[in-house]
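Below: the structure, in structure tokens.
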Amino acid sequence: MSDVFFGTDLFSEFDRMQRQMANLFGDIPSSLRSGRFGAFPPINIGTTEDSIEIVVFAPGVPANQLEVTVDKGLLTISGERTQVRPEGDTEARAYAQERFSGSFRRVIELPQSADPDKVQARYTNGCLSISVGKREASRPRAITVS
């Protein structure tokens, strides 16, 4: 048993260390996890045997304000969310504002198995769903043993 004493709550020390580590390593992208915590819009990325599935949560962004491009293995999602102001009151000033407004851009590095010619996107209820097909050569296949 050791007699180590922390002047504060142990869990708050862990939180502090985690924030310091995030600040230290937060700008290093890794393949599919390209964004920082708290970036807008938040995204979920998953995979199936046939495709890479990306869901972008962008409520309040009209579909015509979203742009999805694929170039050299990078999937770029950009757009703009306008600021919402109370109707009829052009002089209102914000006291607190937690909702992001303005231009945004997220870049996701796709794996080599992704086929840039097989990209589909649809926008429903504030969620942009992007499906990127995989190349035939990268799909698993059964080998017959003779």
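Structure summary
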quantity: Whichever residue in the range 37-89 is polar (S, T, N, Q) and within 13 Å of the chain's Cα centre (by Cα) and, among such residues, is farthest from S101 (Cα to Cα); calculated: N44
quantity: Residue within the range 19-39 that is at pLDDT 70 or above and under 20 Å from I130 (Cα atoms) present; calculated: yes
quantity: Any hit, the range 115-127, residues being more than 18 Å from E49 (Cβ to Cβ) and in a loop (DSSP other than H, G, I, E, B); calculated: yes
quantity: Breaking point among (1) over 21 Å from F40 (Cα atoms); (2) touching a Pro at 6+ places or on another chain (Cβ under 9 Å); (3) among the aromatic types (F, W, Y), for Y95; calculated: (2)
quantity: Any hit, the range 80-103, residues being surrounded by 11 or more Cβ atoms within 10 Å (Cβ to Cβ), touching a residue at least 12 places away in the same chain (Cβ under 8 Å) and in contact with an Asp or Glu (Cβ under 8 Å, 6 or more places away or on another chain); calculated: no
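Here's the yes/no breakdown for (1) closer than 18 Å to P41 by Cα; (2) out of contact with any helix residue (DSSP H, G or I) (no Cβ under 7 Å at 6 or more places or on another chain); (3) modelled with pLDDT under 90:
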{"site": "V55", "(1), (2), (3)": "yes, yes, no"}
{"site": "N64", "(1), (2), (3)": "yes, yes, no"}
{"site": "V70", "(1), (2), (3)": "yes, yes, no"}
{"site": "I77", "(1), (2), (3)": "yes, yes, no"}
{"site": "Q83", "(1), (2), (3)": "yes, yes, yes"}
{"site": "K134", "(1), (2), (3)": "no, yes, no"}
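The values are calculated or read from the model by the stated rules, or taken from the named source; none is laboratory data. Since the structure is predicted, the reported quantities are computational estimates derived from the model, not experimental observations. Using ideal geometry, Cβ is built from the backbone for each residue, glycine included, and neighbour counts are taken over all protein chains shown.
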